[in-house]
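Accompanying notes for the structure given below.
The values are calculated or read from the model by the stated rules, or taken from the named source; none is laboratory data. Quantities reported herein were computed from a predicted structural model and do not represent experimental measurements. All Cβ positions, glycine included, derive from the backbone under ideal geometry; neighbour counts span all protein chains shown. Side chains included, ligands, DNA and RNA excluded: accessible areas come from the protein's heavy atoms. Shrake-Rupley method; radii C 1.70, N 1.55, O 1.52, S 1.80 Å.
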Amino acid sequence: MSKKVYIESYGCQMNVSDSEVVASILAQDGYTAVHSAEEADLVLLNTCSIREKAEYTVMQRINEMNNLKAANQDLKVGVLGCMAERMKENLLVEKKVVDLVVGPDAYRSLPQLLEEVGSGQRAVNVLLSREETYGEIVPVRLNSNGVTAFVTIMRGCDNMCAFCVVPFTRGRERSRDAHSIVNECKQLVSEGYKEVTLLGQNVDSYKWKSPPDAKPNGSAAAITDFADLLDMVATACPGLRIRYSTSHPKDMTDKVLEVMARHDNICKYIHLPVQSGSSEVLRRMNRGYDRDWYLGRIAAIRRHMPDCAISTDIISGFCGETEEDHRQTLELMEQVGYDMAYMFKYSERPKTLAARKQADDVPEEVKGRRLAEIIEAQKLSSAKRMASYVGQVHDVLIEGVSKRSDEHMYGRNTQNSVVIVPRYGSQLPVAGSQAAMQGEGPDEGSRTAPATNNQQPATTELCPGDMVRVRITSATAGSLQGEPLGTVHETVAQA
Ligand code: SAM
Ligand code: SF4
């Protein structure tokens, strides 16, 4: 009988992607992934250390494992990811319920470690690597909608942002073989996926050196940078939508923007974390750019792609932040007009440059008040951006049924905004469409009732994976609503 593993991911998209690599390694070892901890023989928590609150949440979840173990004596519990790396053996001391601690670069050793655990020992491997990219491992897609997937292109981070624990928990930066990335994307296309997000902590510093030519005189190794990689994936997979995250303002090149502008299948959306609008705070954060540089990068995006959406990350109350610094952040937000932002209170993390050298001196209530002002400013900005889309026609990739209503589907436009559309519609112009009549559209035959002789519109159900042309009819700060004009395939066919 096959063993059952349940993997729970916390924190960033990278962890979700790592969990899929772990599932693949364990599948080779006879494990099947299941959907709840209660059904599993092995529960793995893939953890996040980015803020104290994230760690607290995981600690609570680890405590809950005691109840599960009481009900199932054979259950094993493992902690993976950033908390495993940061806390190492201490986790076993602090939490007796944990059997296994494995850092982000040690997942290949899981089968051996599980053998040790099976023989009654507790096991730890938190070695970081300068080479490991899990490049050739084909991830097992967990909780997939069958439409969108993550593809990790690099690991670790060589930047030393003063507030950030990532360089300590995920080690040195290394880039994955460009060909293995393209192959994974092609494989996803063949499985029916319609969109990938290429992942790295700082994708703009992606750099892959192809091995030197095997010729006797050995020709110079070619370097593939992030712009080249984007170009390769977009060209190799023309029907696939491509997104990526995260860009770094100090490294984002015009070459990347040119490639994005050139390929229709690269989404016009950039997540460009600013962290603060004050050059002085940015200097203390060791971000490697100042306010003017950042605004210069925003101008470059707008120059290359006027319709590009931009989102950001902002930290309130970093060490030494004054009211004037905070005001500059609010002013920069207004100037840029972000589509969306992730906003956080500064949380001091052990070992980081800031924890060692700078006082966490902004009182908690001041951090909270500033964060509330930042959130309020972003709400206004999001609402304004979203309202500007009303009346436009967008191509929307349908991802699933809306959480609020079975009668609606949700998807995303190229700018990454959520768009809600009716699930069923007689308004779709499929009746007269030659493409639909001849069954050329993807899956059309199976879910479009044939048009009658008098050309009455047929009833159509939208499904995940459909690319629909939508007129945006209304907007809130969080989503757009629209009416489908037809699938992109049909609209093109009719033109
Ligand atoms: N690599 C990306 C970058 O450079 O922007 C993102 C890394 S991190 C997973 C995501 C975000 O968490 C950061 O952009 C930052 O805004 C926030 N963050 C990181 N460390 C933090 C801390 N100690 N306190 C509060 N927020 C933090
Ligand atoms: Fe952390 Fe900075 Fe690296 Fe992002 S770039 S992961 S914020 S150190």
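Scan segment 457-482 for residues that are modelled with pLDDT under 95 and surrounded by fewer than 16 Cβ atoms within 10 Å (Cβ to Cβ) and jot them down.
If the condition is that a residue be modelled with pLDDT under 95 and surrounded by fewer than 16 Cβ atoms within 10 Å (Cβ to Cβ), then T459, E461, T476, A477, G478 are the ones that fit.
Any chance you could count how many residues in segment 381-430 are in contact with a helix residue (DSSP H, G or I) (Cβ under 6 Å, 6 or more places away or on another chain) and of a type in the set (A, V, I, L, M, F, W, C)?
Number of matching residues: 1.
Kindly evaluate V393 against the criterion of being touching a residue at least 24 places away in the same chain (Cβ under 8 Å) and among the β-branched types (V, I, T).
On the way: touching a residue at least 24 places away in the same chain (Cβ under 8 Å): yes; among the β-branched types (V, I, T): yes.
Answer is yes for this residue.
Filter segment 330-353 down to the residues that are over 23 Å from P306 (Cα atoms) and either free of Cβ contacts under 8 Å to residues at least 24 places away in the same chain or of a type in the set (S, T, N, Q) (or both) and list them by number.
Those that are over 23 Å from P306 (Cα atoms) and either free of Cβ contacts under 8 Å to residues at least 24 places away in the same chain or of a type in the set (S, T, N, Q) (or both): S347, T352.
Does T32 qualify as being hydroxyl-bearing (S, T, Y), crowded, with 19+ Cβ neighbours inside 10 Å and over 22 Å from H271 (Cβ atoms)?
In short, no.
Residues of segment 172-206 being open to solvent by less than 10 Å² (accessible area, probe 1.4 Å) and either in contact with a Phe, Trp or Tyr (Cβ under 9 Å, 6 or more places away or on another chain) or within 16 Å of ligand 2 (Cβ to nearest atom) (or both), which ones?
Of everything in segment 172-206, those that are open to solvent by less than 10 Å² (accessible area, probe 1.4 Å) and either in contact with a Phe, Trp or Tyr (Cβ under 9 Å, 6 or more places away or on another chain) or within 16 Å of ligand 2 (Cβ to nearest atom) (or both) turn out to be A178, I181, C185, V196, L198, L199, G200, N202, V203, Y206.
Consider segment 141-171. How many of its residues are under 30 Å from K96 (Cα atoms) and either open to solvent by 30 Å² or more (accessible area, probe 1.4 Å) or not in a loop (DSSP other than H, G, I, E, B) (or both)? Spell out how you get there, then give the answer.
First, the residues of segment 141-171 that are under 30 Å from K96 (Cα atoms): 142-143, 156, 164-171.
Next cut, either open to solvent by 30 Å² or more (accessible area, probe 1.4 Å) or not in a loop (DSSP other than H, G, I, E, B) (or both) only: 142-143, 166-170.
Total meeting the criteria: 7.
In segment 322-339, which residues are open to solvent by less than 20 Å² (accessible area, probe 1.4 Å) and not in a loop (DSSP other than H, G, I, E, B)?
Result: D325, H326, T329, L332, M333, V336.
Please report, ordered by residue number, the strands (runs of 3 or more DSSP E) entirely within segment 172-269 with at least 2 residues that are modelled with pLDDT of 95 or more and more than 17 Å from the chain's Cα centre (by Cα).
207-209, 223-225
Does any residue in segment 297-326 that is over 23 Å from N202 (Cα atoms) come within less than 6 Å, Cβ to Cβ, of a residue that is open to solvent by 10 Å² or more (accessible area, probe 1.4 Å) and in a strand (DSSP E or B) six or more places away or on a different chain, and which pairs are these?
Taking only residues 6 or more apart or on different chains, the pairs are G317/K345.
Taking the condition out of contact with any Leu (no Cβ under 7 Å at 6 or more places or on another chain) and more than 16 Å from ligand 2 (Cβ to nearest atom), does V93 pass?
Yes: the conditions hold for V93.
Consider segment 11-24. How many of its residues are farther than 14 Å from R141 by Cβ and away from ligand 2 (no atom under 16 Å from the Cβ)?
Start the filter on segment 11-24 by keeping residues that are farther than 14 Å from R141 by Cβ, which leaves 11-12, 14-15.
From the residues that got through so far, the ones that are away from ligand 2 (no atom under 16 Å from the Cβ) too are none.
Qualifying residue count for the region: 0.
Hey, any hits in segment 299-320 for a residue that's of a type in the set (F, W, Y) and open to solvent by 20 Å² or more (accessible area, probe 1.4 Å)?
Taking every residue of segment 299-320 in turn, none turns out to be of a type in the set (F, W, Y) and open to solvent by 20 Å² or more (accessible area, probe 1.4 Å).
Among the residues of segment 270-293, write down those that are part of a loop (DSSP other than H, G, I, E, B) and β-branched (V, I, T).
V274
Take segment 1-20 and flag every residue that is touching a Gly at 6+ places or on another chain (Cβ under 7 Å) and in a strand (DSSP E or B).
Scanning segment 1-20 gives a single hit, K3.
Restricting the search to segment 391-430, which residues are in a loop (DSSP other than H, G, I, E, B) and open to solvent by less than 60 Å² (accessible area, probe 1.4 Å)?
Passing the criteria: G391, S402, S405, N413, T414, Q415, N416, S417, R423, L428, P429, V430.
Go over the candidates E132, E136, E195 one by one and state the one that is more than 16 Å from ligand 1 (Cβ to nearest atom), of a type in the set (D, E) and closer than 28 Å to V396 by Cα.
Every option except E195 fails the conditions.
Give segment 23-37 a look and list any residue that's more than 12 Å from E8 (Cβ to Cβ) and free of Cβ contacts under 8 Å to residues at least 40 places away in the same chain, or say none.
G30, Y31, T32
If we keep just the residues of segment 9-29 that are in contact with a Cys (Cβ under 8 Å, 6 or more places away or on another chain) and open to solvent by 30 Å² or more (accessible area, probe 1.4 Å), which is nearest to V77 (Cα to Cα)?
Within segment 9-29, the match that is nearest to V77 (Cα to Cα) is Y10.
Suppose we keep only residues that are buried (at least 22 other Cβ atoms within 10 Å of the Cβ) and within 15 Å of ligand 2 (Cβ to nearest atom) within segment 272-296. Which one would you say is nearest to E321 (Cα to Cα)?
V281
So is R349 buried (at least 19 other Cβ atoms within 10 Å of the Cβ), farther than 29 Å from Y269 by Cα and within 16 Å of ligand 2 (Cβ to nearest atom) or not?
On the way: buried (at least 19 other Cβ atoms within 10 Å of the Cβ): yes; farther than 29 Å from Y269 by Cα: yes; within 16 Å of ligand 2 (Cβ to nearest atom): yes.
Against the criterion (buried (at least 19 other Cβ atoms within 10 Å of the Cβ), farther than 29 Å from Y269 by Cα and within 16 Å of ligand 2 (Cβ to nearest atom)), R349 qualifies.
Which ones in segment 151-163 are within 8 Å of ligand 2 (Cβ to nearest atom) and within 18 Å of the chain's Cα centre (by Cα)?
C157
Tell me yes or no: at least one residue of segment 358-377 is closer than 22 Å to F168 by Cα, at pLDDT 95 or above, open to solvent by 40 Å² or more (accessible area, probe 1.4 Å) and part of a helix (DSSP H, G or I).
No, that holds for no residue.
R86 versus (1) touching a residue at least 24 places away in the same chain (Cβ under 8 Å); (2) open to solvent by 70 Å² or more (accessible area, probe 1.4 Å); (3) more than 16 Å from A106 (Cβ to Cβ); (4) under 23 Å from the mean Cα position of the chain (by Cα): which is the lone unmet condition?
Only one criterion in (1) touching a residue at least 24 places away in the same chain (Cβ under 8 Å); (2) open to solvent by 70 Å² or more (accessible area, probe 1.4 Å); (3) more than 16 Å from A106 (Cβ to Cβ); (4) under 23 Å from the mean Cα position of the chain (by Cα) is unmet by R86, namely (3).
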